[in-house]
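Trainee: Mind having a look at this structure? Questions to follow.
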Amino acid sequence: MKKKDQCPRSKINEQYCTCTYNCDKHGICCECLHYHRQRGELPACYFTKEEEKTYNRTVEFFIQRRS
């Protein structure tokens, strides 16, 4: 796993990350995307702030909210 100091964009990415979890992938988008994709989920940046507060990252929830 890539560390924040190894990612040249981590500081920039952190400014736009809407995730409310305190995890080691915060600001390292490629790691975050890979993590959630393996679980059939979407990362927090796909959701509004209100949706993110539900901690429901499922694709089904994403589609439901946009239908």
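Trainee: Just the Cα atoms of the chain, one point each, no solvent: what log10 I(q)/I(0) does Debye give at q = 0.21 Å⁻¹?
Mentor: Taken in order of the listed q values, log10 I(q)/I(0) reads -0.85.
Trainee: Name the aspartates and glutamates eligible as straight-distance cross-link partners of Lys11: C-alpha to C-alpha under 18 Å, and not fewer than 8 places from it in the same chain.
Mentor: Those aspartates and glutamates meeting the cut-off are Asp24, Glu31.
Trainee: Okay, moving on. Each residue of the stretch 4-11 in order: what ³J(HN,Hα) in whole Hz does its phi give by Karplus 6.51 cos²θ - 1.76 cosθ + 1.60, θ = phi - 60°, with x for Gly and Pro?
Mentor: 4, 6, 8, 9, x, 9, 4, 5
Trainee: Tell me the mean residue ellipticity at 222 nm calculated for the chain from its helices only (DSSP H runs of n ≥ 4, each -39500 (n - 2.57), averaged over every residue, nearest 500). Show your work: numbers first, answer last.
Mentor: Details: 4 runs with 29 residues, N = 67.
So the helix-based figure for the chain works out to -11000 deg cm²/dmol.
Read the figures in this text as sums done on the coordinates, not as results from a lab. These numbers were taken from a predicted model, which means no experiment stands behind them.
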